[in-house]
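Have a look at the structure below before the remarks.
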Amino acid sequence: MMSRRQLWALLALTLMWGVNWPMMKLSLQQLTPLYFRASTMLLGAAWLFVYVAAKGQRMHPTGREWLTILWLGLPNVLGWHTLSIFGVQELASGRAAILGFTMPIFTVLLGAAFFGERITPRVRVAVICAALAIALLLWHELQKLSGRPAGIAWMLGAAICWALGTLMFRRAKLTLSPLAVTVWMLLLGSLVLWVLAFATEPVPKIASFSLSMWLSLAYGVLINYGFAQLIWFGMARDLPPATSAMSVMAIPLVGTLSATFIVGEVPHWQDWLAMGFVMMAIASVLWPTRGTIRA
């Protein structure tokens with residue numbers, strides 16, 4: 001079960017990543033996807049490097065650690081962050097978040113199929129509730145989504161990558177701290193994205209950026225690729241995969257609701273009903289049994 005400190009961290013992560021979805025949509029109004037990801041990821045990783053190094057942690061990988069970082073970075077950074085930004089470009093930010101957060105279901109299924117993870121009764125309930133919530137949240141948009149198969153494919157591919165990366169990260173044999181590994185994954189991933197951006201997208205006109213654009217970029221650097229990454233990879237390392245995955249299921253709800261104020265996307269009745277199922281999914285894996293809450 002989660003400690004009180006982990007529960008508070010989960011609440012912060014939910015708010016940070018929930019708001020990030022409409023913020024990304026706002027950024028894509030003036031910036032192409034790969035340049036957006038490359039710039040925010042590089043700057044975010046840079047300040048994380050300074051932060052983690054200042055804590056006295058070893059920052060320089062040696063030997064096979066480089067191979068481990070590269071291997072973990074493929075699904076966790078290049079897979080999830082690249083595919084998801086193309087999905088956000090194609091779909092409404094709230095609906096993209098919902099599709100992306102099918103990740104917990106894929107985590108459970110991949111974990112059981114390939115990593116020997118046990119599916120407990122609580123996890124079964126959580127998967128069913130999460131699936132019902134996703135179906136409800138997609139209900140209103142089903143006709144529109146069916147006309148945008150690319151967006152659906154991007155987001156489901158991103159969700160599978162994130163699920164696989166979560167399982168791999170927990171099993172990796174690391175001598176570096178999870179924070180240091182996270183920083184290097186982001187740094188190396190951003191370099192690949194810069195190459196792809198230069199090769200495939202027009203150079204952005206920075207002088208034309210609005211104030212809201214600069215604010216959304218700052219949010220991506222400081223929050224999405226800063227504090228939120230620290231919280232997530234700490235959870236992914238310390239908690240069972242199914243628990244850490246299901247625990248973030250409230251994020252698309254925050255994203256859907258905050259999109260109303262940021263980019264004008266209005267939630268529907270299905271969103272509110274789905275909230276109940278999402279809360280049930282979270283409670284089924286996080287609700288403590290007697291005597292399990294730790295300070």
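Computed values, structure above
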{"item": "Matching entry among ALA45, ALA53, ALA12 (being assigned to a helix (DSSP H, G or I) and free of Cβ contacts under 8 Å to residues at least 40 places away in the same chain)", "result": "ALA53"}
{"item": "Single match in GLU90, GLU117 (criterion: closer than 24 Å to SER258 by Cα and among the acidic types (Asp, Glu))", "result": "GLU90"}
{"item": "Breaking point among (1) part of a helix (DSSP H, G or I); (2) closer than 23 Å to LYS205 by Cβ, for TRP71", "result": "(2)"}
{"item": "Meets criteria (more than 25 Å from ALA228 (Cβ to Cβ) and not basic (Lys, Arg)) for VAL203", "result": "yes"}
{"item": "Check on SER244, assigned to a helix (DSSP H, G or I), modelled with pLDDT of 85 or more and of a type in the set (Ser, Thr, Tyr)", "result": "no"}
{"item": "Condition met for THR62 (hydroxyl-bearing (Ser, Thr, Tyr) and closer than 25 Å to THR107 by Cβ)", "result": "no"}
{"item": "Condition met for LEU136 (surrounded by 21 or more Cβ atoms within 10 Å (Cβ to Cβ) and at pLDDT below 85)", "result": "yes"}
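The values are calculated or read from the model by the stated rules, or taken from the named source; none is laboratory data. Everything quoted here is computed from the prediction, not taken from an experiment. Here the Cβ is made from the backbone with ideal geometry for all residues, glycine too, and neighbour counts use every protein chain on show.
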